[in-house]
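**Q** Quick one: this structure, given as structure tokens, is what I'll be asking you about.
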């Protein structure tokens, strides 16, 4: 089931920025994600090398997330997450950090 977000919901770029500290903790960049982002033209070879040169997974994720600067890149990032068996992270982002699906569908955002 696809979830339709209201027009005033944050775009994917804004959601990723908001959730960055959590994403740094659990995105897995080392098992196909970076190569997928290269194939989707989200990363250049130079950017890929820069991200891979970071010593820890947390720093690699931080460097990667800092390179996502457009809505198009972020949509491709979500696609890459799905293609590399990280669909749960894509869902986490789309659901703005885990709002209950009923809150999204029925507009109970607590705002």
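The values are calculated or read from the model by the stated rules, or taken from the named source; none is laboratory data. None of the values given here were measured: they were computed from a predicted structure. Note that each Cβ is placed from the backbone with ideal geometry, even for glycine, and that neighbours are counted across all protein chains shown.
**Q** Within the range 40-55, which residues are exposed (fewer than 11 other Cβ atoms within 10 Å of the Cβ), in a loop (DSSP other than H, G, I, E, B) and touching a helix residue (DSSP H, G or I) at 6+ places or on another chain (Cβ under 9 Å)?
**A** Correct list: 41, 53.
**Q** At pLDDT 95 or above and either at negative phi or out of contact with any helix residue (DSSP H, G or I) (no Cβ under 8 Å at 6 or more places or on another chain) (or both): which single residue out of 87, 100 fits that description?
**A** On the way: 100 fails: at pLDDT 95 or above.
Of 87, 100, the one residue that is at pLDDT 95 or above and either at negative phi or out of contact with any helix residue (DSSP H, G or I) (no Cβ under 8 Å at 6 or more places or on another chain) (or both) is 87.
**Q** Could you list, in sequence order, all residues of the range 25-39 that are under 14 Å from residue 59 (Cα atoms), surrounded by fewer than 15 Cβ atoms within 10 Å (Cβ to Cβ) and without any contact (Cβ under 8 Å) to a residue 40 or more places away in the chain?
**A** Passing the criteria: 25, 30.
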